[in-house]
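Read through the structure below, which is laid out as structure tokens, and then see the notes.
The values are calculated or read from the model by the stated rules, or taken from the named source; none is laboratory data. Computed from a predicted structure; not experimentally measured. FYI the Cβ positions are ideal-geometry reconstructions off the backbone, even for glycines, and counts take in every protein chain you see. Note: areas computed on protein heavy atoms with side chains; ligands, DNA, RNA excluded. Shrake-Rupley method; radii C 1.70, N 1.55, O 1.52, S 1.80 Å.
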Amino acid sequence: MSDSGNNKKRVLIVDDDPAYARMVRAFIKDIYRADIAISGEQAITFLHKVPADEGVDLILLDCEMPVADGPAVFKMLREDPLTKRIPVVFLTGNATPALIGRIMELEPEGYITKTATREELLGYIAERLL
Amino acid sequence: MVRVIGQDTMLHISFGMAALVFNIVLYILTCALGTDQVHKNLKFRTLTVIVGVGNIISMLDNIFRHSDRFDTPAAIELLLLLMVFLFNVFLTYYMSLYMEGFFENLKYKKVITPINQAIVISSVVLTVAVYIWQIMIYKGGNITDNVPIWVRIVLGYIYELYFLFYVVILFVKYGKTLSSRAGFTSLAAFAVTIGGVLFELLNTFGVGSNILFNYFGAVIGLYIFYIGVETPDYQNLLQSITELDEARQSADEANHAKSDFLANMSHEIRTPINAVLGMNEMILREAEDDTILTYAENIENAGSTLLGLINDILDFSKIEAGKIEIIPVDYDISNVISDLVNMISTRADEKGLLLEFDFDQTMPRYLHGDEVRVKQVITNILTNAVKYTEKGNIYFCIAYERAGDDPNDVYLKVAVKDTGIGIKEEDLPKLFSEFERIEEKRNRNIEGTGLGMSITMSLLRMMGSALEVESTYGVGSTFHFKLKQEVVNWEELGDYENAINERRKDHKKYREKFIAPEARVLVVDDNRMNLMVFGSLIKQTMVQIDTAESGAAGLELTGKNKYDIIFLDHMMPEMDGIETLRRLRNQTDGPNTTTPVICLTANAISGARESYISSGFEDYLSKPIDSGELEAMLIDFLPEDKIREPLEKKTVSSDSNIVPEELMPLMGSSIDVKAGIKSSGDLEFYKTVLKVFYETIDDKARELDHFFEEKDFKNYTIRIHALKSSARIIGAMAFGEAAQELENAGRAEDWDYLSSHHPGFMGAYRGFKELLSLVFAEQKTDVGPEASDKVMAGIYDRIRSAAEAMDYGELEDIIDEMSGYTIPEGERSKWDSIMSAFDRIDYDAVLEVLDQT
């Protein structure tokens, strides 16, 4: 119970690669309460399970996932009244201008490349969660 | 009507037949030797046919209409006249089509082509109409004399002139795009052909007729075309050129695609490397086994090198793919110089190279250009110089000259000269080619992709400059370039080079050791850790140190003892440094009224020195204290007779580059161990300081929370100020920065900032406890007791509810907890299944495993 039940902000990491998700969690767990979902479906199930008063403050959403990719999951999140207000930051391994353009058209909170270091990631999240 | 006088019909027949034969020969030539693929050739063949048909018509016209020998029916005579007109329209029209083929990318072709076609059709319609009309109103006599003059002018001149004019316009507008051969040939041929056509037309009026031109003009024109541009040789050549061009284009495209691929791949490669390095960082932070830590450190070194190489490739491929842009901004050249000097000094020092700087003092300081790329270019050249120089020196010069053409532009002249291995003349071209490294064998121990110089060159080229090299093999090289930059402000750079040289010299001078065992100094600081650091930093000088933890305690000591120097912390609770200094000077009967007092401060902003001196201090030292600066201060302010040469050269025991095993868990964490060891003087001391930091976390955190909740800005700021110093000493730089921000906010009583940042900051602060416990806490036992059935049942229940809640953190905690136990034999396979599901973060699978039994 080390990182629950206090007033840490809550971040949900959605990435189909458990190793990467774990790494991100390890990066941020000292400062944020971080949960992991390895698919869009799991993420939405999770978001419905979380009690309203402990709601997720930010979602880090991987762009490249099988079945439903990041943009698809994003659309699902936006259509669901329960999740539509949660800010989403995309994680992308391949930040080509075309992909970034496609992502940014969805008007997410932002995007961050998977090459980001721990400090960059924390700084970025901290900025979004002010 | 005026008849052709003195011309025999036979003459017309022989001229006409001769012209026809020439035409047929030309046609056969183009068929037999032509290059059918080229569309112009097909058009040319058609043109010969039209000219031939024209010749026949003209011949028939001359024989049957103009000659008296035949009594030609009126209907045929009219037909012949109109056919002459019509075929001339066709000829000029087709000529214009043929000429169009010489030019590429005609702008208005889409509009002009239908207009031209409509005009040709209208001429046909008009001819038919005139023919019917004239036949209907024919009342005997010479039918062609009755044809009104406007018909002759419209059909015989206006249409033809329209197409001729169109061709002339084409030449005027696009003539420059033609090769001179095609241009001259077509111009000459056009003139001759048109001459023929015009004479032919004049002939229909019966004036100025020239039988030679009449029949041969067009044919001669066609022969000129044939020899000039339609010969198979020339067409083959053109075709080869086209093919080469296409080949080049597709090669360019392939190259571009390759660069794109490389740029994308580098990114793809960088992502997993980063993951590897990131996970490795976690190992370095969390693992306790020394062997594993050594392995992980090796991974880190290799990984960082790899990342550097990939970044090089990425940069290069971005340039290749045209993805790098030059982004000019206003910048201060002194910042660039300062960064470059700092960067290169470290590297040069490591290799024991001497650095010489030469920066033009009158150089304008504020410029407009792409600062990042300018810096990257010079950095590449400088690091290259250091890389390939084993001994000797590196000379780095920046000068400028005014650009002649614009009073607001200057040329930056950058030169880097080294005494490195140099480059053989035959190797010079390799320097600038991609991926090639000079003397591969000899330099194989030098890291790099071989792209550095290529990147440098490309960047310079993009900024409108070029790199120049002079090199003597075995003696050294000079790299220099001239780069145009706009001047924003002509303020001069000033004596920058001296300032830098001075600073570097200072550094060296004070490295010489001294001792002063008779000297006695007092250090007053509310932070006990600072006092310890201070003591450690000057331990080698054997100076006697007294310490006090508050201004009041310090004043008590100054009343009793005579000191050579007093170091006063600025920020202290109750009585700060300035107040303490004032009271010290008021101790008129005390022994220290004239003792030099140095201020210790963490707020080393520019102008600080002046303000401290005006407050009565002799000088100030910024924290974290640099041992060199502190020793310099001692030499400056201690009485000279107390300073001595060291008795014997003590070997410096602590190498700050070696991190001892017990501190390995901190590698890669937010605590920079190397910086910490450096700022605290030696390793043993660093460990003490670190331990104090670790042990006081709980108390101090409670205190800070208390002041925060009470909104006691003053005490909060003072405590956080002290914490900032401690953080910097142990090497927790980022944490120190955060403390600095909070301190600023506290001083400004910025409650908004404090309330939003304090909790996170405290989280990080308390987080150090966990991190440092890796160093200081007792070792855990390796194998725990076997878990009882009851324990397992409880654990399964907890895992189930955690998996149902999809609570990753809770699951991880439970599994961590279980690592203290040995899993009973009977539960092993179930446990392993749970672990494997957990590894995949598959909550459903975890529940499935639990449900199976």
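A few remarks follow.
- Scanning segment A:99-122 turns up one or more residues that are at pLDDT below 85, over 17 Å from A:ILE59 (Cβ atoms) and among the aliphatic types (A, V, I, L, M).
- Checked against the criteria, B:LEU850 counts as open to solvent by less than 30 Å² (accessible area, probe 1.4 Å) and assigned to a helix (DSSP H, G or I).
- Filter result (surrounded by 13 or more Cβ atoms within 10 Å (Cβ to Cβ) and part of a helix (DSSP H, G or I)) within segment B:821-838: B:GLU827, B:LYS830, B:TRP831, B:SER833, B:ILE834, B:MET835, B:SER836, B:ALA837, B:PHE838
- Test: residue in segment B:381-394 that is in contact (Cβ under 8 Å) with a residue 24 or more places away in the chain and within 26 Å of B:GLU491 (Cα to Cα): no
Listed here are the residues, each with its yes/no results for (1) β-branched (Val, Ile, Thr); (2) in a helix (DSSP H, G or I); (3) within 18 Å of B:GLY392 (Cα to Cα).
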| position | (1), (2), (3) |
| --- | --- |
| B:GLU300 | no, yes, no |
| B:GLY303 | no, yes, no |
| B:ASP315 | no, yes, no |
| B:TYR331 | no, no, no |
| B:VAL336 | yes, yes, no |
| B:ASP339 | no, yes, no |
| B:ILE344 | yes, yes, yes |
| B:GLU350 | no, yes, yes |
| B:GLU356 | no, no, yes |
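- Scoring B:TYR716 on the criteria (1) in contact with a Ser or Thr (Cβ under 8 Å, 6 or more places away or on another chain); (2) hydroxyl-bearing (Ser, Thr, Tyr); (3) closer than 14 Å to B:MET762 by Cα leaves a single failure, condition (1).
- Test: residue in segment B:418-425 that is assigned by TED's automatic domain parsing to the domain that holds B:THR472, open to solvent by 40 Å² or more (accessible area, probe 1.4 Å) and more than 19 Å from B:GLY474 (Cα to Cα): no
- Taken as a whole, the condition of being out of contact with any Phe, Trp or Tyr (no Cβ under 7 Å at 6 or more places or on another chain), assigned by TED's automatic domain parsing to the domain that holds B:ILE224, in contact (Cβ under 8 Å) with a residue 60 or more places away in the chain and not aromatic (Phe, Trp, Tyr) does not apply to B:ILE149.
- Residue in segment B:370-387 that is part of a loop (DSSP other than H, G, I, E, B), modelled with pLDDT under 90, of a type outside the set (Phe, Trp, Tyr) and not assigned by TED's automatic domain parsing to the domain that holds B:LEU309 present: yes
- Qualifying residue in segment B:515-530 (condition: open to solvent by less than 20 Å² (accessible area, probe 1.4 Å), closer than 30 Å to B:GLY352 by Cα, modelled with pLDDT under 75 and among the polar types (S, T, N, Q)): no
- Segment B:716-732, residues that are open to solvent by 10 Å² or more (accessible area, probe 1.4 Å) and outside any helix (DSSP H, G or I): none
- Of all the criteria given as (1) loosely packed, with under 13 Cβ neighbours inside 10 Å; (2) out of contact with any Gly (no Cβ under 9 Å at 6 or more places or on another chain); (3) more than 30 Å from B:GLY668 (Cβ to Cβ); (4) of a type in the set (A, V, I, L, M, F, W, C), the one not satisfied by A:LEU130 is (3).
- Selected residue (criterion: least open to solvent (accessible area, probe 1.4 Å)) from residues of segment B:539-551 that are over 12 Å from B:VAL524 (Cβ atoms) and in contact with a Gly (Cβ under 9 Å, 6 or more places away or on another chain): B:GLN540
- Residue count for segment B:552-582, restricted to those that are part of a helix (DSSP H, G or I), open to solvent by less than 30 Å² (accessible area, probe 1.4 Å), modelled with pLDDT of 90 or more and not hydroxyl-bearing (Ser, Thr, Tyr): 3
- The listed residue being modelled with pLDDT of 85 or more, in the same structural domain as B:ILE545 (by TED's automatic domain parsing) and in a loop (DSSP other than H, G, I, E, B), out of B:THR595, B:THR588: B:THR595
- Number of positions in segment A:91-110 that are within 14 Å of chain B (Cβ to nearest Cβ) and not β-branched (Val, Ile, Thr): 7
- When B:ASP797 is tested against (1) in contact (Cβ under 8 Å) with a residue 12 or more places away in the chain; (2) away from every other protein chain (no Cβ under 14 Å), only condition (1) is not met.
- Taking segment A:30-44 as the range and being open to solvent by 30 Å² or more (accessible area, probe 1.4 Å), more than 7 Å from chain B (Cβ to nearest Cβ) and not in a helix (DSSP H, G or I) as the test, only A:SER39 passes.
- Test: residue in segment B:426-435 that is open to solvent by less than 20 Å² (accessible area, probe 1.4 Å), in contact (Cβ under 8 Å) with a residue 12 or more places away in the chain and touching a Phe, Trp or Tyr at 6+ places or on another chain (Cβ under 8 Å): no
- Screening the candidates A:VAL50, A:VAL56, A:VAL24 for the property of being within 11 Å of chain B (Cβ to nearest Cβ) and closer than 25 Å to B:MET279 by Cβ yields one hit, A:VAL24.
- Among the residues of segment B:323-343, those that are modelled with pLDDT under 80, surrounded by 13 or more Cβ atoms within 10 Å (Cβ to Cβ) and more than 12 Å from B:VAL374 (Cβ to Cβ) comprise B:LYS323, B:ILE324, B:SER338, B:MET343.
- Whichever residue in segment B:598-618 is under 27 Å from B:GLY676 (Cβ atoms) and touching a Lys or Arg at 6+ places or on another chain (Cβ under 7 Å) and, among such residues, is modelled with the lowest pLDDT: B:ALA602
- Every residue from segment B:760-794 that is more than 14 Å from chain A (Cβ to nearest Cβ), at pLDDT 85 or above and surrounded by 19 or more Cβ atoms within 10 Å (Cβ to Cβ): B:MET792
- The residues of segment B:88-144 include none that are aliphatic (A, V, I, L, M) and touching a Lys or Arg at 6+ places or on another chain (Cβ under 6 Å).
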